[in-house]
Structures are given as C-alpha cells and as structure tokens.
Amino acid sequence: VNLVGHRKDGAFDFIGNGFRDMTRIASGPVEMWSQIAMTNQEEIRRCLDRLIDELETIRRHVANASDIDLRAYLRRAKQQRDELKHRF
C-alpha cells in the first residue's frame, strides 16, 4: 500500500479488487500487527531476505530480457498456486 501511495501518478485510481484483497492486512489493527511482527522478528527477517532474493531473481530476468527464464519462473509460481486449490 505504501509503495502505491508514494506514487504521484494517481495509481490508486486504477486499482481493483485484487489490490484490495492482497492488502487486506494493512487495514487491520496496527497495534496487533506491530506486536505480531515484534514477537516474530527473526522469522520475519528470514522471510524478508528470501523475498528480496525472489525479487532480485525477477529483476535479473527482466533486466536480461530473459523471457524464457521469466516464463519458467512464473510457470513454477502458477503451478504452486494452482496446487493450493486442492487444499481449500
């Protein structure tokens, strides 16, 4: 939410339900989420490091104009997401 909020191009005018769903936690109680984060600092740091690694992988594929690698990356993500359907 902050990333989009920092933009000066009216990006909030073009968001939809997907953005609302993905950012649901941001509308929750700040005190509760702060306590959860402070209680789980070590694991959150580990997860953020892994997220940064994933983002760097995507950036590298885009910067290298590596469509084959990017598609393979996205295909793996799609496959894993599709497998979640069987759990709900």
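Here are some notes:
- Portion, in percent, of the accessible area of the chain that falls on carbon or sulfur, probe 1.4 Å: 57 percent
- The residues of the chain have, on average, 93 Å² of accessible surface per residue, using a 1.4 Å probe with all protein chains present.
- Net dipole in debye of region 13-88 [+1 Lys, Arg Cβ; -1 Asp, Glu Cβ; about Cα centre; nearest 20]: 320 debye
- Each stretch of four or more DSSP H residues adds -39500 (n - 2.57); spread over every residue of the chain, this sum gives -21500 deg cm²/dmol at 222 nm.
- Summed residue charge, Cβ within 12 Å of R76's Cβ, Lys/Arg positive, Asp/Glu negative: 0
- Toward the positive end of the charge dipole of the chain, with +1 on the Cβ of Lys and Arg and -1 on the Cβ of Asp and Glu, the farthest Cα among A77, V1, A26 is that of A77.
The values are calculated or read from the model by the stated rules, or taken from the named source; none is laboratory data. Predicted model, so just to flag it, every value in this text is computed and none were measured. Reconstructed Cβ throughout: ideal geometry from the backbone, glycine too, with neighbour counts over all protein chains shown. Each accessible area value is taken on the protein alone, full model and side chains, heavy atoms only, with ligands, DNA and RNA left out. Shrake-Rupley method; radii C 1.70, N 1.55, O 1.52, S 1.80 Å.
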